[in-house]
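S.K.: This structure is in structure tokens; I'll ask about it shortly.
Since every read-out is calculated from the coordinates, none of them should be taken as a lab result. Note that the structure is a prediction, hence the values are computed from the model and not measured. Note that we place each Cβ from the backbone using ideal geometry, even for glycine, and neighbour counts take in every protein chain shown.
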Amino acid sequence: MKTESIITVGVLAGAAYLLYQLLQGTSKAVSTVTGAASTGYNAAVNAVSSGLYALFGPNDAKALGSMQYLLVNFSDGTRHAVPANTVDQDGFFIWTGYPPGSQPDTGMQLMKDANGAWYAF
């Protein structure tokens, strides 16, 4: 084999390795950007839906025991719509997770903070 052929093969192998490394870095960057975009999207959706719920959602006196839903903050940081007809007059209800039935039945009680947001404990 000629020296030129060996050098050519070496250069091609080096170029292939550099291209592979570049693509690996690009896929990690795309993954990071995608994750950040997803987080931003979820935060925006939560903010908009909370604002819409505040504007058009039911008032408390009409909501409890009705066929409407209450937007409730849970201790694990999640927010879910709880059917108001499952909540008794003292604020007690049975939570089965989201989707329904995905967690063991848990007795919880609704509380409201100073800003009027519902919390389940």
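S.K.: What are the residues in the stretch 81-121 that are among the aliphatic types (A, V, I, L, M) and exposed (fewer than 14 other Cβ atoms within 10 Å of the Cβ), if any?
M.R.: Residues satisfying the conditions are Ile94, Met111, Ala114.
S.K.: Within the stretch 78-99, can you find the residues that are without any contact (Cβ under 8 Å) to a residue 12 or more places away in the chain and either within 17 Å of Gln68 (Cβ to Cβ) or in contact with a Leu (Cβ under 8 Å, 6 or more places away or on another chain) (or both)?
M.R.: Within the stretch 78-99, just Thr86 meets the criteria.
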